[in-house]
Amino acid sequence: MRLVKQTPSGESALSKSEDEVVVDDESVSIDEVRDLVQRALFVLAVGDVDGSDLFTEDVTGDSPNMYVRSRIGLEDQLSDRAGGLSNVDLTVDRIEEMSDGWLATWRVSGDHTGRMMLNEDVHYAPTGRRIDVSATTHVVLQGRRVRAFRTSYDDQHVAAQLRGA
C-alpha cells in the first residue's frame with residue numbers, strides 16, 4: 001500500500017511510519033490512519049455490522065448503493081450485505097491526505113456465497129462467482145473514527161458480476 005502525504009508546499013511525498021497527523025486536535029500516526037481506513041473499508045465492503053464502532057454516531061456516508069446519516073443507519077445498510085461475500089481480499093493501493101480528509105484507492109474481491117441486497121429492492125442470490133470491485137473512497141476522520149465517507153465505483157459492473165452477465 002502506498003500512503004501519500006501532502007508536504008507544506010503542497011507536493012506529495014511518501015509518508016514514513018513515524019509521521020503523525022493531527023485529526024481534531026488529536027495526534028494520530030500515519031500507521032493508525034492507514035489501519036483505521038483499511039478496517040473501515042473492509043467493514044463497508046463485507047457488511048461487518050460489528051465493525052460499526054469504527055464510525056462516529058453521526059457518520060454520514062454515500063456510495064452508489066448506500067446512503068447513511070447515522071451509525072444506526074449504517075448498521076442497517078451493512079446488515080443487508082453481511083455474509084454475501086466469503087474469501088474476501090481487500091487491497092488498499094494508495095491513501096493520500098487531502099485538505100479535508102483522506103482519499104483511498106482500493107480493490108476488493110470475494111466469492112459471492114451468500115444472499116446480498118445492494119439496493120432496497122434488489123436481492124442477489126448466491127452465485128459462487130468471484131466478484132471484483134475497484135473503488136475510491138474519501139474518508140473524513142474525527143479522532144480515531146470515521147465521521148464521513150464517500151465511495152465511488154461502477155455499480156453497474158458490480159450488478160453485472162452478481163447477475164453473471
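None of the figures in this text is laboratory data; all of them are computed from the coordinates on show. What you see is a predicted model, and the numbers here were worked out from it, not measured in a lab. Here the Cβ is made from the backbone with ideal geometry for all residues, glycine too, and neighbour counts use every protein chain on show.
Determine the dipole magnitude for the chain: charges of +1 sit on the beta-carbon of Lys and Arg, -1 on that of Asp and Glu, nothing else is charged, the reference point is the Cα centre, and the result goes in debye to the nearest 20. Numbers along the way, then the final one.
Values: 18 positive and 30 negative charges, 128 e Å.
Taking the Cα centre of the chain as origin, the dipole is about 620 debye.
Over the chain, what is the mean sequence separation of C-alpha contacts under 8 Å (at least six apart), divided by residue count, expressed as relative contact order in percent? Result for the chain is 22 percent.
Translational diffusion of the chain, estimated by Stokes-Einstein from the Kirkwood radius over alpha carbon pairs at 10 °C in a medium of 1.306 mPa s, is 97 µm² per second. Each listed q (0.22, 0.28 Å⁻¹) maps to a log10 I(q)/I(0) for the range 41-87, found by the Debye formula over equal Cα scatterers with no solvent: -0.67, -1.07. Computed from Cα atoms, the angle from the helix 30-46 axis to the main principal axis of the chain rounds to 10 degrees.
A simple spin-label model places pseudo-atoms 7 Å from Cα toward Cβ; at residue 107 and residue 136 they are separated by 1.7 nm.
Residues in the range 145-165 near a label at residue 21, defined as backbone nitrogen under 17 Å from the 7 Å Cα→Cβ point? The answer is 145-151.
For residue 94, the amide hydrogen comes within under 5 Å of the amide hydrogens of 2, 105, counting only partners 5 or more places away or on other chains and with H modelled in the peptide plane.
Between residue 67 and residue 163, the simple label model (points 7 Å from Cα in the Cβ direction) yields a spacing of 2.2 nm.
Can you say what percent of the DSSP beta bridges in the range 2-163, counting only those with both residues inside, are antiparallel? Round to 5. Intermediate values should be presented prior to the final figure.
Numbers: 41 of 48 bridges.
Roughly 85 percent of the DSSP beta bridges within the range 2-163 come out antiparallel.
Converting phi to 3J(HN,Hα) with the Karplus coefficients 6.51, -1.76 and 1.60 and the offset θ = phi - 60°, the range 77-92 yields 5, 5, 5, 5, 10, 4, x, x, 10, 10, 6, 7, 10, 10, 10, 8 Hz in sequence order, with x at every glycine or proline.
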